[in-house]
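Colleague: Got a structure for you, questions after.
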RNA sequence: CGGGACGUGGCGCAGUUUGGCAGCGCGCAUCGUUCGGGACGAUGAGGUCGGAGGUUCAAAUCCUCUCGCCCCGACCA
């Protein structure tokens, strides 16, 4: 490709509304342009990268037996009503009507439709199956952000496995786990697999693949010594054992005028350190008030309550609801002597005594509370958000908490969809068996952006050769110097014929502009051709990722690049 | 959905407080001089100031409504 003919609208300045690095660089580099919030056009450069990412995904999914298909983006409501998701995922699901007034929706994922296709499976002999497609999804996200990192319309590779039994599902799940590892490695990313909450996919077990990045939206707990890793939605940790003063004393009230927070109370009385307080949160769970109890210095992870209590209908109670339930305002609440309201307590409170908590009367607290003795706990449930420095639940070493981007997610769905839609086969005994399913997603655009988050410098993007829009850019320093032009064209066509994706910068621009643009768009190798080098019979080969320069004669440069690029293509470098 | 900010040529911004000819830098076009790290000079094109309504002799500026968009918190590939 001649740069002078290419549509690569680079920007000298950062777009004002771009915050995330990838957002900034992809817009500046002319890879993408925004149409509306959460919808982006892929320009030629962006499309070339996206295609290469898709090819890598195809290769790896094909390698574990995947068969590519293409399913529709607009679905009839009927099928989604059968699985219950027409009503369950209200909000991000876009619903529409056709001319006959029939209810339809924009695909936010494709479990329903793949399962519908799978109803044609009739015999255990046809299993296992592994199907996938690369298709548009639309989710009306409440808050798109960060360029391609969180959008409403996007392309996702989603695959679906179909097996006769859970053991078969385990095998396909494991194969995806490994294939995903290879995919992210080839994209040049260090992805950490973590146990996750399954959200509205409703599966039993799921693993997210996370890449560390400042622009990330998720936090994971990670153990550097044994590599335990889990989303903080699920992560657990060990705590140093606390020894309480043996307290035979009964709870006693004490006045705490104006004290409303854990911190204030800790500063108010020396026996009320944060880890000796009981934090009492009032939540509405499925419409009923409930008390969630945590140690004073611990934070609630709401998702754990949602998962553990088995309902999505979980929210903090409003002031009126709190007063109605306990007779006092937030800041003076406690669970001592409370009955008729469900009490859920975090295990960190187990066996604790000599504790301080609210008295359910404004400006009064209780001390010498013994959890076991004084509080009628209905349910013990891990509710606590893991903090950095706490012990790894596996090996006990201190945990790190990292900010990450979710680049892939694999689910064991079980039989939820096959049951609802009637996907079943006959087994060897002639018995009907519902199919066991798994579902496995990778967002193409998000991965593209995440690579940029993970691989850039102050000059621009540093693409790994495996997905670079062009592998080599041939830069002519002096456009009106005949020998330079001849050498450039020679090298350019030799590389092209050798199957290297090459861009020839033949623009009538000053060298500084050409260098800056090449670096901004992140081409892994640049061949610089100018009269200065040519006088000595050499051109320069510059490596983007570290700036190293090699002076070679033109044919040696071609041979060197062919060898290097071909080798690096298959690696995540 | 709650909180904050913003909307003025392609990009980045000033002008709004205190109403009075719509400006600057970059980019773009033409010509000339330049040419190994974002050159210089000259000339020029390009804007319903997000939209609607209102106040006024006069609105980018004041008022009302509305749309869009970004950032921070609850959701996901």
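Colleague: Quick check: anything in the stretch A:273-284 assigned to a helix (DSSP H, G or I) and more than 35 Å from the chain's Cα centre (by Cα)?
Modeller: Scanning the stretch A:273-284, I find at least one residue that is assigned to a helix (DSSP H, G or I) and more than 35 Å from the chain's Cα centre (by Cα), so the answer is yes.
Colleague: Among A:209, A:271, which is the only one that is more than 16 Å from RNA strand B (Cβ to nearest atom) and either touching a residue at least 60 places away in the same chain (Cβ under 8 Å) or within 30 Å of residue A:144 (Cβ to Cβ) (or both)?
Modeller: That would be A:271, the only listed residue that is more than 16 Å from RNA strand B (Cβ to nearest atom) and either touching a residue at least 60 places away in the same chain (Cβ under 8 Å) or within 30 Å of residue A:144 (Cβ to Cβ) (or both).
Colleague: Criterion first (touching a strand residue (DSSP E or B) at 6+ places or on another chain (Cβ under 6 Å), within 16 Å of RNA strand B (Cβ to nearest atom) and not assigned by TED's automatic domain parsing to the domain that holds residue A:29) does residue A:472 satisfy it? Walk me through it before giving the result.
Modeller: Values: touching a strand residue (DSSP E or B) at 6+ places or on another chain (Cβ under 6 Å): yes; within 16 Å of RNA strand B (Cβ to nearest atom): yes; not assigned by TED's automatic domain parsing to the domain that holds residue A:29: yes.
Yes, satisfied.
Colleague: Here is a check on your reading of the model: is residue A:163 more than 19 Å from the chain's Cα centre (by Cα) and more than 14 Å from RNA strand B (Cβ to nearest atom)?
Modeller: Yes.
Colleague: Condition first: in contact (Cβ under 8 Å) with a residue 24 or more places away in the chain and surrounded by fewer than 15 Cβ atoms within 10 Å (Cβ to Cβ). Now tell me which residues in the stretch A:255-268 satisfy that. Break it down stepwise before answering.
Modeller: Keep residues of the stretch A:255-268 that are in contact (Cβ under 8 Å) with a residue 24 or more places away in the chain, which gives A:255-262, A:265-266.
Those that are in contact (Cβ under 8 Å) with a residue 24 or more places away in the chain and surrounded by fewer than 15 Cβ atoms within 10 Å (Cβ to Cβ): A:255, A:257, A:258, A:261.
Colleague: For residue A:101, indicate whether it is in the same structural domain as residue A:439 (by TED's automatic domain parsing), under 24 Å from the mean Cα position of the chain (by Cα), away from RNA strand B (no atom under 15 Å from the Cβ) and surrounded by fewer than 20 Cβ atoms within 10 Å (Cβ to Cβ).
Modeller: no
Residue by residue, here is whether (1) on the phi > 0 side of the Ramachandran plot; (2) modelled with pLDDT under 95; (3) away from RNA strand B (no atom under 16 Å from the Cβ); (4) surrounded by 15 or more Cβ atoms within 10 Å (Cβ to Cβ) holds:
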position	(1), (2), (3), (4)
A:87	no, yes, no, no
A:93	no, yes, no, yes
A:97	no, yes, yes, no
A:110	no, no, no, yes
A:114	no, no, no, yes
A:133	no, no, no, yes
A:142	no, yes, no, no
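Colleague: Please indicate, with yes or no, whether at least one residue in the stretch A:69-76 is over 20 Å from residue A:153 (Cβ atoms), assigned to a loop (DSSP other than H, G, I, E, B) and more than 16 Å from RNA strand B (Cβ to nearest atom). Spell out the reasoning first.
Modeller: Start the filter on the stretch A:69-76 by keeping residues that are over 20 Å from residue A:153 (Cβ atoms), which leaves A:69, A:76.
From what's left, assigned to a loop (DSSP other than H, G, I, E, B): A:69.
Cutting the leftovers down to more than 16 Å from RNA strand B (Cβ to nearest atom) gives us A:69.
Looking through the stretch A:69-76, at least one residue is over 20 Å from residue A:153 (Cβ atoms), assigned to a loop (DSSP other than H, G, I, E, B) and more than 16 Å from RNA strand B (Cβ to nearest atom).
Colleague: Quick check, is residue A:550 farther than 30 Å from residue A:406 by Cβ, without any contact (Cβ under 8 Å) to a residue 12 or more places away in the chain and either crowded, with 22+ Cβ neighbours inside 10 Å or touching a helix residue (DSSP H, G or I) at 6+ places or on another chain (Cβ under 8 Å) (or both)?
Modeller: yes
Colleague: Then there's this: Among the residues of the stretch A:136-152, which ones are in contact with a helix residue (DSSP H, G or I) (Cβ under 9 Å, 6 or more places away or on another chain) and assigned to a strand (DSSP E or B)?
Modeller: The answer is A:145, A:150.
Colleague: Examine the stretch A:562-571 for a residue that is in contact (Cβ under 8 Å) with a residue 24 or more places away in the chain, surrounded by fewer than 22 Cβ atoms within 10 Å (Cβ to Cβ) and closer than 20 Å to residue A:9 by Cβ, and state whether such a residue exists.
Modeller: No, the stretch A:562-571 has no match at all.
Colleague: Could you check how many residues of the stretch A:530-547 are within 39 Å of the chain's Cα centre (by Cα) and either touching a residue at least 24 places away in the same chain (Cβ under 8 Å) or in the same structural domain as residue A:181 (by TED's automatic domain parsing) (or both)?
Modeller: Counting residues in the stretch A:530-547 that are within 39 Å of the chain's Cα centre (by Cα) and either touching a residue at least 24 places away in the same chain (Cβ under 8 Å) or in the same structural domain as residue A:181 (by TED's automatic domain parsing) (or both) gives 2.
Colleague: Name the single residue, out of those in the stretch A:476-494 being touching a helix residue (DSSP H, G or I) at 6+ places or on another chain (Cβ under 6 Å) and in contact (Cβ under 8 Å) with a residue 60 or more places away in the chain, that is nearest to RNA strand B (Cβ to nearest atom).
Modeller: A:487
Colleague: To continue, here is another question. When the residues of the stretch A:171-214 are filtered to those that are in a loop (DSSP other than H, G, I, E, B) and at pLDDT below 90, which remaining residue is surrounded by the most Cβ atoms within 10 Å (Cβ to Cβ)?
Modeller: In the first step, residues of the stretch A:171-214 are kept if they are in a loop (DSSP other than H, G, I, E, B); the result is A:187-190, A:196-198, A:202-204, A:213-214.
Checking which are at pLDDT below 90 leaves us with A:196-198, A:202-204, A:214.
Details: A:196: 24, A:197: 17, A:198: 18, A:202: 17, A:203: 19, A:204: 12, A:214: 10.
Across the stretch A:171-214, the extreme among qualifying residues is A:196.
Colleague: What's the number of the only condition in (1) more than 23 Å from the chain's Cα centre (by Cα); (2) without any contact (Cβ under 8 Å) to a residue 60 or more places away in the chain that residue A:116 fails to meet?
Modeller: It fails just one condition, (2).
Colleague: Sticking with this one: When you look at residue A:42, is it surrounded by fewer than 17 Cβ atoms within 10 Å (Cβ to Cβ) and touching a helix residue (DSSP H, G or I) at 6+ places or on another chain (Cβ under 9 Å), yes or no?
Modeller: Here the answer is no, as residue A:42 does not meet what is asked.
Colleague: I'd like the full set of residues that are in a helix (DSSP H, G or I), out of contact with any strand residue (DSSP E or B) (no Cβ under 7 Å at 6 or more places or on another chain) and surrounded by fewer than 17 Cβ atoms within 10 Å (Cβ to Cβ), limited to the stretch A:288-322.
Modeller: A:308, A:319, A:320
The values are calculated or read from the model by the stated rules, or taken from the named source; none is laboratory data. The model shown is predicted, which means the values in this text are computed figures rather than measured ones. All Cβ positions, even for glycine, are placed from backbone atoms using ideal geometry, and neighbour counts span all protein chains on display.
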